[in-house]
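What follows is one structure encoded as structure tokens, with my remarks underneath.
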Amino acid sequence: MDKNLILRLFGGALYGLLVIMCTTPLGAEWINSVFPGLVKQQNLFYGLMTFFLFVGAWECIRIMKFDPKSWEKWVVFPLIILVFYYFSKRYFQHGFYFNFNLSEILALSLIVIAVITLFKFPKELYFDNGKLIFTVIYTALPFSFALGLPKFSMVEETFTLEVFFLFVLIWSSDSFAFFTGKFFGKHKMAPKISPKKTWEGFAGGVFFTLIIGYFIEMKFPDLRGNYIIVGFLVSVFAPFGDLVESQLKRNFGVKDSGNIIPGHGGILDRLDSFIICAPVVYLYFILEKLF
């Protein structure tokens, strides 16, 4: 068997296991079976998002190639910590009531503006102040929104599976889009940004992800929202998330965001879809609750 394939399978399995252990009760159950009462599932989930955030931000700094003498790159992590702390404090101490606060409106708007800037006004990101703003928006805000997706209580030790199934839907969308595109793909979706993506693959990803969403909805009706709708949103925005990161790397002449996951590249390479899908699903949960 090809060594690269073995490395890729190992890296994928390791990454998948980490996500499963930190977004389902399995992680806390396994650790507490060895060290009783050591962790709560909420802490593992928070730790996973924090890890993804900091590694992703570091990779973004490397991709965008800050000037070594600039002051901006030294401000990235203090700003990220401040933003993440604000959302963490709200979700973990005060709950999530699906209210449209100014902070949510501003944060969601900033993500849209950052993506538009990346595609339409990339020269704005060649200056270190632009790189600073983009890095904070692209990394801190999506992982902060991800904290509000599951239902959890630090007092009652409850934790639900919204984030785990978000990952399942993203993996399904990516996999089905890849195989459908491989066998039936003829029409390129964005040849200059991601040459392998096709509209046939996109359609296959939407179709099969909707089926997965249907089974999740039937099996786990107590999850927030309707997972058929979540599946549709993921199938549409997951490929877009991949295009966003591809455009970022293309603008700065970088092939992979990093090499932390054997055979798969960096955190941003694996979580490009999640970075866009998490705020989108968060917004859907708010709107679904309001209406």
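One residue stands out in segment 173-187 among those that are in contact with a Gly (Cβ under 6 Å, 6 or more places away or on another chain) and outside any loop (DSSP other than H, G, I, E, B): the one that is most open to solvent (accessible area, probe 1.4 Å), namely PHE176. Every condition in (1) touching a residue at least 60 places away in the same chain (Cβ under 8 Å); (2) in contact with a Ser or Thr (Cβ under 8 Å, 6 or more places away or on another chain); (3) part of a helix (DSSP H, G or I) holds for TYR138 except the one numbered (2).
Each row is one residue, and each column tells you yes or no for (1) surrounded by fewer than 19 Cβ atoms within 10 Å (Cβ to Cβ); (2) more than 15 Å from PHE237 (Cα to Cα).
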site	(1), (2)
MET189	no, no
PRO195	yes, yes
PHE208	no, no
ILE212	no, yes
GLY225	yes, yes
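Restricting attention to segment 272-291 and to residues that are in a helix (DSSP H, G or I) and out of contact with any helix residue (DSSP H, G or I) (no Cβ under 7 Å at 6 or more places or on another chain), the residue that is most open to solvent (accessible area, probe 1.4 Å) turns out to be LYS289.
Select from segment 197-206 the residues that are part of a helix (DSSP H, G or I) and surrounded by 17 or more Cβ atoms within 10 Å (Cβ to Cβ) and list them in ascending order. Those that are part of a helix (DSSP H, G or I) and surrounded by 17 or more Cβ atoms within 10 Å (Cβ to Cβ): GLU200, GLY201, PHE202, ALA203, GLY204, GLY205, VAL206. For PHE215, the conditions (1) in contact (Cβ under 8 Å) with a residue 12 or more places away in the chain; (2) part of a helix (DSSP H, G or I) are fulfilled apart from (1). Total residues in segment 234-291 satisfying the condition of being small (Gly, Ala, Ser), under 22 Å from SER173 (Cα atoms) and at pLDDT below 90: the figure is 4.
The values are calculated or read from the model by the stated rules, or taken from the named source; none is laboratory data. Please read all numbers here as calculations on a predicted model, not as lab measurements. With ideal geometry, Cβ positions are generated from the backbone for all residues, glycine too; neighbour counts draw on all protein chains shown. Surface areas here come from the heavy atoms of the whole protein model, side chains and all, with no ligands, DNA or RNA. Shrake-Rupley method; radii C 1.70, N 1.55, O 1.52, S 1.80 Å.
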